[in-house]
Amino acid sequence: MARSTSSNVWLQEHVNDHYVHMAKKDGYRARAAYKLLEINEKDKLIGPGTVLADLGSAPGSWSQVAARLVGNKGKVFALDILPMDPIADVSFIQGDFREQEVLDEFVTLLGGRQLDLVISDMAPNISGMSAMDQARSFHLTELALEFARDHLKPGGHFLVKVFQGSEFQAYLKSMRELFTDVVTRKPKASRDRSSEIYLLGKGRR
């Protein structure tokens, strides 16, 4: 027998609560931590010694995961327009990634290092106007890809949150030009009703 819509919504919220409770138990700032943990388990992006940038890092759950995985020899650089409470061994700048001045400050923080990985969970403030939100979202993903192009070492990887819309295919094409392999990931901690998916570019050309 098919479940009613309200039953499905309840079931979904129940599953989502599972990640909220896990985050509290495991000491992560948000349930999004489990998205990165699941992708990393599958794709082995972060390990001891990895040097990476976390774009759109607040409240910090991805940076928490990354900092635990990279160990003493790795490094995590994080950036967000929102404030983020300090995380041990994470270098953070608060500012708008779309502004050149903020980007320059972040690049200075990298200190000339080439990155093994760029991760981006950035999303715009949602206005409720679908076309505008999609355009803003893809602008951020384009900036993230540009940053990855400039700062990833050859063979480096790029993980980015995207929303499926009219510009998706063009963006996918751009990623395929820069990386030897591009795959999609929809981790279990992603809400089913969300149109978000993650694109993973492996092996910067």
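The values are calculated or read from the model by the stated rules, or taken from the named source; none is laboratory data. If you're wondering where the values come from, they're calculated on a predicted model, not measured in any experiment. For neighbour counting, all protein chains shown are included, and Cβ atoms are generated from backbone atoms with ideal geometry for every residue, glycine included. Each accessible area value is taken on the protein alone, full model and side chains, heavy atoms only, with ligands, DNA and RNA left out. Shrake-Rupley method; radii C 1.70, N 1.55, O 1.52, S 1.80 Å.
Just a few scattered comments:
- Chain lengthening between ALA123 and GLU177 when straightened (0.36 nm per residue, less Cα-Cα): 17.1 nm
- Note on the chain: with a GNM built from Cα contacts shorter than 10 Å, the maximum mean-square fluctuation among GLN100, GLN114, GLN134 falls on GLN100.
- ARG205/GLN100 FRET efficiency (R0 30 Å; Cβ-Cβ; nearest 0.05): 0.70
- Contact order for the chain, expressed relative to its length and based on alpha carbon pairs under 8 Å spaced 6+ residues apart, stands at 17 percent.
- Semi-axis lengths, Å, the chain, gyration tensor of Cα atoms, sqrt of 5 times eigenvalues: 27, 21, 17
- Listed residue (HIS157, ALA144, ALA58) projecting farthest to the positive dipole end of the chain, Cβ model: HIS157
- Straight-distance crosslink candidates among lysines, where the alpha carbon sits under 18 Å from LYS153 and sequence neighbours closer than 8 are dropped: LYS44, LYS73, LYS75, LYS202
- The chain - percent of accessible surface contributed by carbon and sulfur, probe 1.4 Å: 51 percent
- Here the stretch 145-205 is assigned +1 on the Cβ of each Lys and Arg and -1 on the Cβ of each Asp and Glu. Its dipole about the Cα centre then comes out at about 240 debye.
- With Cα atoms, 0 to 90° folded angle of helix 100-110 axis to the chain main axis: 70 degrees
- Among THR50, THR180, THR108, residue whose mean-square fluctuation peaks in a GNM of the chain (springs only between Cα atoms under 10 Å): THR108
- Accessible area expressed per residue, the stretch 64-123, with surrounding protein chains retained (probe 1.4 Å, Å²): 53 Å²
- Cα long-axis angle, helix 130-151 against the chain (0 to 90 degrees, to the nearest 10): 30 degrees
- Gain on full stretching of the segment that runs from VAL107 to LYS42 - 0.36 nm per residue minus C-alpha separation: 20.5 nm
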